[in-house]
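**Q** Here it is: the structure, laid out below.
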Amino acid sequence: MQSKFSRIVVPTDFSDTADSAISAACDLATYYRAQVDIVNVVDAMVYAYAGYPFASLSAELTTGAEEALRKLKLPASAKGLTLNRFVLSGTPAAEINAHAERHKADLIVMGTRGHGAVARFFLGSVADKVLHSASSPVLITKASKGKVKHPKKKTKPFTRILFPTDFSETANRALARAVALTEDSDAELFVLHVVDDTLISTHVPKERELILKELRRAALDEMKKGLPAHLLQHFETTGAVKRGEPGKAIAAYAETHACDLIVMGSHGRTGVKRALLGSVADKVVRLAKCAVFIERGK
């Protein structure tokens with residue numbers, strides 16, 4: 001295994017969305033022979049009100065969470081796994097990240113309720129804060145709409161992986177992860193660079209076309225540098241340069257090419273170092289219909 005996971009943390013609020021994330025975490029843990037920590041965080045301050053003893057409220061909520069964790073229905077893939085249940089107390093995102101660091105987890109898996117405006121609402125809360133402050137990689141899963149009557153059993157975690165790059169140091173770290181996951185899953189890897197042509201200052205059509213043509217050539221050459229020889233065999237069909245708004249273009253490309261995972265870094269460089277989360281990566285996580293793996297930058 002090129003991308004070894006030994007301990008995976010998956011938070012739950014006992015919703016269908018969280019159940020979907022638990023299922024994905026257990027599937028990965030089965031494949032990588034990892035253990036899974038299912039974590040629920042009790043934030044008593046949310047329910048506290050004047051006149052009610054805080055200690056009693058916290059104890060009641062903790063007892064209820066412990067009972068819910070014991071009764072939690074697990075997917076079939078959880079059978080045979082080392083599975084740990086934790087009830088924590090405090091601010092959810094901070095406690096989730098602290099737990100992952102304390103137990104040296106390799107991955108945090110969280111779910112969203114879909115894509116677009118609904119996912120934006122969810123990402124404005126716990127998942128968004130976890131994404132921005134976690135020291136470990138984060139896998140955001142997308143809950144499927146409705147029940148699948150005859151689901152196909154997957155023998156490998158992923159089949160088609162998209163790696164969007166801006167050629168930054170963090171993107172190169174994400175490339176290593178994308179290649180590892182591709183090789184582990186014997187999947188197909190697509191590499192994408194999006195040219196934001198709104199950043200090109202000239203409005204002379206011929207000049208713009210020349211600049212874009214050169215940017216495309218340079219981007220394709222740069223893409224090839226980080227890929228192993230066996231992944232270059234079909235580069236003509238799996239390496240692409242597109243124009244447009246990066247977040248939308250990445251999500252659209254993943255959907256068009258039936259990708260089931262997007263792997264990208266947590267920040268990049270566009271002239272000066274800036275936070276990518278909050279811009280491109282945030283938009284991809286919100287808009288993509290498939291899972292998104294966020295590799296952390298150092």
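The values are calculated or read from the model by the stated rules, or taken from the named source; none is laboratory data. For clarity, every value in this text was computed on a predicted model and none was experimentally measured. Here the Cβ positions follow ideal geometry from the backbone for every residue, glycine too, while neighbour counts run over all protein chains shown.
**Q** It is to be established whether one or more residues within region 111-131 are at pLDDT 95 or above, under 16 Å from the mean Cα position of the chain (by Cα) and under 22 Å from residue 24 (Cα atoms).
**A** No, the conditions are met nowhere in region 111-131.
**Q** Could you grab me the full set of residues in region 44-68 that are surrounded by 17 or more Cβ atoms within 10 Å (Cβ to Cβ) and modelled with pLDDT of 90 or more?
**A** 65
**Q** Please list, ordered by residue number, the helices (runs of 4 or more DSSP H) wholly in region 203-298 having 1 or more residues that are at pLDDT 90 or above and more than 14 Å from the chain's Cα centre (by Cα).
**A** 205-225, 235-238, 246-256
**Q** May I pose another question? Can you run down the residue pairs with Cβ atoms below 6 Å, 6 or more apart or on separate chains, where the first is in region 131-152 and among the hydroxyl-bearing types (Ser, Thr, Tyr) and buried (at least 18 other Cβ atoms within 10 Å of the Cβ) and the partner is modelled with pLDDT under 85 and in a loop (DSSP other than H, G, I, E, B)?
**A** Filtered contacts from region 131-152: no entries.
**Q** Which one of these is assigned by TED's automatic domain parsing to the domain that holds residue 233 and surrounded by 18 or more Cβ atoms within 10 Å (Cβ to Cβ): 193, 203?
**A** 193
**Q** Do the conditions hold for residue 86, that is, is it surrounded by 13 or more Cβ atoms within 10 Å (Cβ to Cβ), among the aromatic types (Phe, Trp, Tyr) and not in a loop (DSSP other than H, G, I, E, B)?
**A** Yes: the conditions hold for residue 86.
**Q** Basic (Lys, Arg) and within 24 Å of the chain's Cα centre (by Cα): does that describe residue 85?
**A** So residue 85 fits the description; yes.
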